[in-house]
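Following: one structure in structure tokens, then a few remarks.
The values are calculated or read from the model by the stated rules, or taken from the named source; none is laboratory data. In this text, all values refer to a predicted model and were calculated from it rather than measured experimentally. Counting neighbours? That spans all protein chains shown, and the Cβs are built from the backbone with ideal geometry, glycine included.
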């Protein structure tokens with residue numbers, strides 16, 4: 001089958017690229033120019049708990065994709081629209097979970113640079129992944145996705 005004409009949300013796996021670059025930059029900057037003097041050790045445990053919440057949210061999104069029977073690969077064509085489970089509250093639980101994970105990691109690991117980078121990570125996800133996925137889902141599912149999008153927020 002010729003896959004060049006298949007409509008897909010993205011050509012590249014942007015989310016893992018964004019995550020890897022963000023973590024490398026944050027931890028590199030933490031090593032070169034530490035910002036952890038502004039942070040308290042008392043944030044470690046709440047940070048790890050928050051990181052766990054983020055993982056749980058992302059896993060709930062992955063599990064719902066599996067139940068719905070659609071791939072979670074950001075470069076694959078969707079076979080169904082996930083609108084139940086965690087997708088009743090957020091259209092992007094995997095991305096939301098990753099951001100919450102990074103906030104928790106930033107607190108737990110006393111990484112001021114990771115915390116400072118959260119808005120940039122969110123912006124990159126929105127521009128490189130989410131907006132393209134939303135345009136694709138509108139093309140793929142039409143009014144069904146438009147109605148879902150009107151009811152459920154992008155993040156929370």
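Observations, loosely collected:
- Across region 24-41, the number of residues qualifying as part of a helix (DSSP H, G or I) and either loosely packed, with under 11 Cβ neighbours inside 10 Å or at pLDDT 85 or above (or both) comes to 12.
- Test: residue 60 is in a helix (DSSP H, G or I), modelled with pLDDT of 95 or more, closer than 18 Å to residue 13 by Cα and in contact with a helix residue (DSSP H, G or I) (Cβ under 9 Å, 6 or more places away or on another chain): no
- Members of region 95-120 found to be surrounded by 22 or more Cβ atoms within 10 Å (Cβ to Cβ) and either within 24 Å of residue 149 (Cα to Cα) or out of contact with any helix residue (DSSP H, G or I) (no Cβ under 8 Å at 6 or more places or on another chain) (or both), listed by number: 95, 96, 97, 98
- Here residue 42 qualifies as without any contact (Cβ under 8 Å) to a residue 24 or more places away in the chain, within 19 Å of residue 108 (Cα to Cα) and out of contact with any helix residue (DSSP H, G or I) (no Cβ under 9 Å at 6 or more places or on another chain).
- Restricting region 73-93 to residues that are crowded, with 17+ Cβ neighbours inside 10 Å and free of Cβ contacts under 8 Å to residues at least 60 places away in the same chain leaves a set whose member that is nearest to residue 129 (Cα to Cα) is 93.
- For residue 44, the criteria (1) part of a loop (DSSP other than H, G, I, E, B); (2) at pLDDT below 95 hold in every case but one, which is (1).
- Among the residues of region 94-110, those identified as within 24 Å of residue 66 (Cβ to Cβ) and either free of Cβ contacts under 8 Å to residues at least 60 places away in the same chain or in contact with a strand residue (DSSP E or B) (Cβ under 6 Å, 6 or more places away or on another chain) (or both) are 97, 99, 100, 101.
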